[in-house]
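See below for the structure under consideration.
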Amino acid sequence: MYGEQHLLAFKSNEKSTVIYSLTYPQVGWWALGGLITMKLGGIISPIPGIGPFGYIFHLIPFLICLAFAHIKHPRTGLSLHKYIFNYIHCRIRKRKFL
């Protein structure tokens, strides 16, 4: 018995962390938000005359990606992007009425 591996694998509810306490999907959302923000900053010029606050609207995609990374639906516990995907998938499915 000693040293043998059990046939059923251990299933932990903890997600593996990559950087600090961020999981792999969260790091992906952070990177996607940063990439979109950088591309938007190169395409659209800031609002003139208000200094560094002219770049505020460039942060909107980053904040949306942060919401997708960290906010969970309170009833289901699903992350926001999974919940929205499942909701849309349920609404556009073909229905059979008897």
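Taken along the Cα-to-beta-carbon direction at a fixed 7 Å, the label points for Lys96 and Ser21 span 4.7 nm. Looking at the range 35-98, the trypsin sites (Lys or Arg not before Pro) that sit in a DSSP loop and have at most 16 other Cβ atoms within 10 Å of their own Cβ are Arg75, Arg93, Lys94, Arg95, Lys96. Per-residue 3J(HN,Hα) values for the range 32-46, derived from phi via the Karplus relation 6.51 cos²θ - 1.76 cosθ + 1.60 with θ = phi - 60°, read 5, x, x, 5, 5, 5, 5, 5, 5, x, x, 8, 9, 7, x Hz in sequence order (x marks Gly and Pro). For the chain, the percent of C-alpha pairs falling in each 10 Å distance bin, counted from 0 to the bin holding the largest distance, reads 13, 26, 25, 20, 11, 5, 1, 0.
With θ taken as phi - 60° and the Karplus curve 6.51 cos²θ - 1.76 cosθ + 1.60 applied, the whole-hertz 3J(HN,Hα) list for the range 83-98 is 5, 5, 4, 5, 5, 5, 4, 5, 6, 9, 5, 7, 10, 10, 9, 8 Hz, x standing for glycine and proline.
If you count Lys pairs in the chain whose Cα atoms are under 27 Å apart, skipping same-chain pairs closer than 8 places in sequence, the total is 8.
Model label points for Leu32 and Asn86, set 7 angstrom from Cα along the Cα-to-Cβ axis, are 1.8 nm apart. Ligands, DNA and RNA left out, the accessible area of the chain computed with a 1.4 Å probe is 68% carbon and sulfur.
The values are calculated or read from the model by the stated rules, or taken from the named source; none is laboratory data. Owing to the predicted nature of the structure, the values given are computational and were not obtained by experimental measurement. Ideal geometry is used to build each Cβ from the backbone, glycine not excepted, and the neighbour counts take in all protein chains shown. In case anyone asks, the SASA skips ligands and DNA or RNA and just uses the protein heavy atoms, side chains included. Shrake-Rupley method; radii C 1.70, N 1.55, O 1.52, S 1.80 Å.
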